[in-house]
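One structure is given below, encoded as structure tokens.
The values are calculated or read from the model by the stated rules, or taken from the named source; none is laboratory data. All of these numbers come straight from a predicted model, not from anything done at the bench. Because the Cβ atoms are built from the backbone with ideal geometry, glycine has one as well, and the counts that use them run over all protein chains shown. Side chains are part of the model used for accessible areas, which takes the heavy atoms of the whole protein and leaves out ligands, DNA and RNA. Shrake-Rupley method; radii C 1.70, N 1.55, O 1.52, S 1.80 Å.
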Amino acid sequence: MAIVLTETTKADVPSNQADALWLNSTDVEAATGWTLKPEGFCQGDICVPIPPGREAEFAKDDQVNVSTFWAHMNKPAVASEAGDVWFLGEGAESRNDTLLSLEAPDFTLPDLEGNMHSLTDFRGKRVLLATWASW
Amino acid sequence: MDADVEAARPWIENANPTYVTLIDRNHVLSSLYNMVNVPQAVWIDENGIVVRPTETAGSIDILRDFDFEAGAFSPEVLEKAGEAKNTYVGAVKDWAINGSDSRYVFDADAARAHVPAMTDQIALAHATFQLGQHLFREGRTDEADALFARCRELHPASWNIFRQTTEKEETGIAVGEEFWGKVMSLGDEQYYASVDMDGMPD
């Protein structure tokens with residue numbers, strides 16, 4: 001088995017190779033929220049077409065090459081040496097678009113007791129989001 | 001931002017804050033808001049709109065003024081640092097009282113102009129860091145250390161990544177030789193932009 005992590009999700013998927021993350025249609029949706037459709041790799045209203053002539057690199061039978069799609073979308077996909085843990089990140093362009101929209105990106109984090117808090121819980125109040133660390 | 005809850009616990013329990021304090025083991029906030037060091041802050045209004053993007057929160061770049069012989073900062077440097085802190089805290093209080101009428105709130109164009117731009121390399125560093133944190137917690141420290149070294153190369157300006165992953169003193173503070181080497185290697189370079197705020201010392 002391998003583990004696929006994103007900033008908000010964790011999914012166990014069948015064992016994979018070290019240099020590519022091939023997932024079937026069920027696993028790809030569970031692990032990433034994206035699905036393979038005839039028009040391309042899709043999430044919500046967004047579909048990223050497979051580049052013509054490169055079909056075999058991106059999909060074959062019921063399998064999707066998620067790491068290749070991620071790279072094609074200019075998003076970082078990184079794996080442990082054995083390929084048993086993957087992290088699928090957000091790309092710089094998407095981050096910059098969000099920050100320039102001025103809508104504060106939401107997050108959910110625990111307090112000392114493990115209670116979860118989201119930024120959106122504080123809607124209606126002004127929020128000073130200040131960071132610090134023990135180091 | 002700390003590797004685990006227990007590193008943060010004594011600080012939070014001693015401060016006993018009345019506001020919500022969260023533990024960010026994966027530096028999610030660094031990734032979302034393009035932060036590079038602590039303390040940094042973002043001002044978010046009642047509607048979830050950023051009115052002051054990521055900026056250093058009441059500190060200024062005084063580290064290179066540290067007097068190694070005396071083992072301390074000079075009174076002049078400390079006075080300047082105190083002035084920066086007081087100015088920032090005063091601005092936060094002004095915003096708390098006056099909301100969108102506060103003179104410290106940026107309009108949309110000014111707020112956008114102050115957003116620090118993320119690069120592909122920074123985005124890759126954050127993804128690599130989060131993979132490293134996962135492996136670190138699983139006890140795969142050699143693999144994690146190799147990934148953290150890669151993160152420090154990819155995003156050298158991130159002292160959050162550097163200080164989280166470098167050797168710590170017995171006090172738990174990352175102020176060893178490597179840290180001071182990194183500070184001094186900046187030379188005359190400004191580490192991050194001064195806070196754009198009336199009354200803030202350079």
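Report the one residue of A:A30, A:G44, A:V66 whose Cα lies farthest in the direction of the positive end of the charge dipole of chain A (charges on C-beta: Lys and Arg +1, Asp and Glu -1; origin at the Cα centre).
Final value for the positive-end residue is A:G44.
Under the Kirkwood approximation for Rh and a Cα-based Rg, what ratio Rg/Rh is obtained for chain B?
Ratio of gyration radius to Kirkwood radius for chain B: 0.96.
So what are segment B:57-115's ellipsoid semi-axes, whole angstrom, largest first, if each one is the square root of 5 times an eigenvalue of the alpha-carbon gyration tensor?
The answer is 32, 14, 6 Å, longest axis first.
Per residue of segment B:138-144, what does 6.51 cos²θ - 1.76 cosθ + 1.60 with θ = phi - 60° give for ³J(HN,Hα)? Whole Hz please, x for Gly and Pro, Karplus curve as stated.
7, x, 8, 5, 5, 5, 4
Tell me which residues come under 5 Å, amide H to amide H, from A:E90 once H is placed; ignore anything under 5 positions away on its chain.
The answer is none.
Nearest 100 Å², what total accessible surface is buried between chain A and chain B (probe 1.4 Å)?
Rounded to the nearest hundred, the buried surface is 5100 Å².
Would you mind giving the average projected area, over all directions, of the Cα convex hull of segment B:120-184 in nm² with one decimal?
4.4 nm²
Placing +1 at every Lys and Arg Cβ and -1 at every Asp and Glu Cβ, with all other atoms neutral, what dipole size does the protein assembly as shown have around its Cα centre, in debye to the nearest 20?
Rounded to the nearest 20 debye, it is 460 debye.
May I ask you to give the percent of accessible area on chain B that is carbon plus sulfur, with a probe radius of 1.4 Å?
49 percent
Could you give each residue of segment B:118-125 its phi-based ³J(HN,Hα) in whole Hz, using Karplus coefficients 6.51, -1.76, 1.60 with θ = phi - 60°, and x for Gly or Pro?
8, 10, 4, 5, 5, 4, 5, 4
Shape of the protein assembly as shown from its Cα gyration tensor (a ≥ b ≥ c, root eigenvalues): rounded if a/c is under 1.5, otherwise prolate when a/b > b/c, or oblate?
prolate
Which of the pairs A:K10/A:K75; A:K125/B:K93; A:K75/A:K125; A:K125/B:K80 have their Cα atoms more than 23 Å apart in this structure?
Going by Cα-Cα distance, A:K75/A:K125; A:K125/B:K80 fall outside the 23 Å limit.
Amide H of A:A59: which non-local residues (sequence gap of 5 or more, or other chain) have their own amide H closer than 5 Å, using H built in the peptide plane?
Sorted by chain and number, the residues that satisfy this are A:N65.
Cα convex hull of chain A: how many Å³ per residue?
165 Å³
What FRET efficiency comes out for A:Q17 versus B:L186 if R0 is 35 angstrom and r is the Cβ-Cβ distance? Round to the nearest 0.05.
The value I calculate is 0.25.
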